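Before any comments, here is the structure.
The values are calculated or read from the model by the stated rules, or taken from the named source; none is laboratory data. These figures come from a predicted structure and were not determined experimentally. Reconstructed Cβ throughout: ideal geometry from the backbone, glycine too, with neighbour counts over all protein chains shown.
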Amino acid sequence: MQAQMRSASGVRAPVRTAKSGVLRAPVVAARPGVSAKAAAIQIPTNVGQLSKEERTKLAHDLGYRSIGAELPDNVSLTDIVKSMPPEVFELDHGKAWRACLTSIVAMAASLYLISVSPWYLLPIAWFIAGTAFTGFFVIGHDAAHRSFHKNNLVEDIVGSLFFAPLIYPFEPWRIKHNHHHAHTNKLVEDTAWHPVTEDQMAGWGETGGGAEKLFLGSPLKLWASIGHWWIWHFDLNKYTEKQKPRVMISLAVVYGFMLTAFPAMIYYLGAWGFVKFWLMPWLGYHFWMSTFTVVHHTAPHIPFKKAEDWNAAKAQLSGTVHCDYPEWVEFLTHDISWHVPHHVSSKIPWYNLRKATDSLRSNWGDYMTEAKFNWRMVKNICTECHVYDPKTNYKPFDFKKEEPLFAVQRAIIPDTPAF
C-alpha cells in the first residue's frame, strides 16, 4: 500500500513504498523512457509550502531530521544577522591560537600513528590524519574571512602557513570562496558547486560525459574538491590585474613548500613515505572538504536559483544544511559542520558557531534544514542530484534512460534510514 499526501495547495508530496522505504512516486511524472528509480527523487520546488507534517515525512524519506518552511519574502539577511546576540561575532585570540595548537598536535599525533600502524590499520590512521589535516584548512578558512584575528596581516600569514601543507594558495582561495558566499546556491555563479545544466551536457561530445558522470555521479563526488582545487586556484587568468600581485605571493608560498618539503620527504622517507605521510592524509582531507561542501549545499529539496529569482536570505539560511557528525570529527575540524550561521554571516569565528546555531534555531528554526550524517542522504546526493531542473530542482544524469553506472549504484549503495 502507498500513502499519498496532499498539501493545502493541492500539491502531492512524494510517497514511500513499503518495499524499500525510499521515494518512488514523484509529483512530476517521469519522462518517457525514464525508469522509476531514475526519477525517484523528483520533488516539487515549493516544498517549503507543504504542511509541517508533510515536510516531516519528506525529511525522513530523504534522510534529513527536518526540512524548513519557506522563509517569507520580506525577511532580509540583515534581519537574520541582527537577531543573533552580539557576542557570537566577538573574536577571542586565545581560542584562535589554541585551535592552531590543537591542529598541530593532532596532525603530529596522527603522523606518529601512521608511523607505528601495521599495513592493515593504515587506512584508519590515514582517515584520522586527513580529519586532522582538515583542521588546518578551517584555521586558514577563518583567517580568509577575517574572523581569526583583529590584525589582517596576521591573518594573511597564518592563513598562508596553514594552507601551504594542503597545497592551497591562500589568496586565490579567499577570493573564490568569498564569491561562493556572495552567490550561494545561485545557478552558475556559485563557484563552490552547482548542478550541471543540460547545455553543459550537450557540450560533452562523443564521450557522452563519461568522466564527468563518473566523478560527479558516484561516491567519487566525495573527492571532487580535488578538481575544484586544480581548476580554480592556479590559473592567473581567473583573477584581475589588481588581484594578481597577492595571488602570486600565495602561489609562491605554495610552490616554496612543495620545492622544499616534498623533496625532503622523498629523500629521507622514500617515495612510499611521501605517499604514506602526505598524499594519503591529503586525500583524506579532500574527502572532508568535498563531503562538507556537498552536504551543506546539495539536497533534493533545496533549489539552485537563476540570478533573477535568487534571494540571499533564503539561500543562506534555508539553502544551507546543518549536519551532525561524530564529536571527534567536529572537534578536529573546529565545528565547520555547524555551517548555517557561517553562511548567514562569515564574520562569526568557528568557536561561536554552536551558540550562533542555537540562536538561529530559536528564532528561525522553522525555516532550517537539519540532518545527521547518513547513507540515505549521501546516496541521493551522489546518484540522483546531478542536473538542474527548474521544476523538480534536480534530475539524475540518466534522466532519459537509466544507465548501468547508476543502476548498479542504486542497487548496492546502502539506503539506511535517516535515524
message: Residue under question is Thr298, and the condition is that it be out of contact with any helix residue (DSSP H, G or I) (no Cβ under 6 Å at 6 or more places or on another chain) and among the hydroxyl-bearing types (Ser, Thr, Tyr); does it hold?
response: no
- request: Could you identify the single residue in Phe170, Phe162, Phe136, Phe148 that is under 18 Å from Ser337 (Cα atoms) and more than 18 Å from the chain's Cα centre (by Cα)?
  value: Phe148
message: Need the failing condition index for Lys150 against (1) over 27 Å from Val105 (Cβ atoms); (2) part of a loop (DSSP other than H, G, I, E, B), just the number.
response: (1)
message: Suppose we keep only residues that are touching a residue at least 40 places away in the same chain (Cβ under 8 Å) and among the small types (Gly, Ala, Ser) within the stretch 258-301. Which one would you say is nearest to Ile381 (Cα to Cα)?
response: Ala299
message: Looking at (1) touching a Lys or Arg at 6+ places or on another chain (Cβ under 6 Å); (2) at pLDDT 90 or above, which one does Glu403 not meet, given that it meets all the others?
response: (1)
- prompt: Restricting the search to the stretch 343-375, which residues are under 16 Å from the mean Cα position of the chain (by Cα), assigned to a helix (DSSP H, G or I) and either among the aromatic types (Phe, Trp, Tyr) or within 22 Å of Gly63 (Cβ to Cβ) (or both)?
  reply: His343, Trp375
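Residue-by-condition table, conditions (1) modelled with pLDDT of 95 or more; (2) in contact with a helix residue (DSSP H, G or I) (Cβ under 7 Å, 6 or more places away or on another chain); (3) farther than 21 Å from Asn352 by Cα; (4) crowded, with 22+ Cβ neighbours inside 10 Å:
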| position | (1), (2), (3), (4) |
| --- | --- |
| Trp126 | yes, yes, yes, yes |
| Gly135 | yes, yes, no, yes |
| Asn152 | yes, no, no, no |
| Ile157 | yes, no, yes, no |
- line: Given the conditions (1) crowded, with 19+ Cβ neighbours inside 10 Å; (2) more than 21 Å from the chain's Cα centre (by Cα), every one holds for Lys395 apart from (2)
query: When you look at Gly130, is it assigned to a helix (DSSP H, G or I), touching a residue at least 24 places away in the same chain (Cβ under 8 Å), on the phi < 0 side of the Ramachandran plot and small (Gly, Ala, Ser), yes or no?
result: yes
statement: Expected single match for closer than 24 Å to Tyr325 by Cα, hydroxyl-bearing (Ser, Thr, Tyr) and either touching a Ser or Thr at 6+ places or on another chain (Cβ under 7 Å) or in a helix (DSSP H, G or I) (or both) among Ser160, Ser110 is Ser110
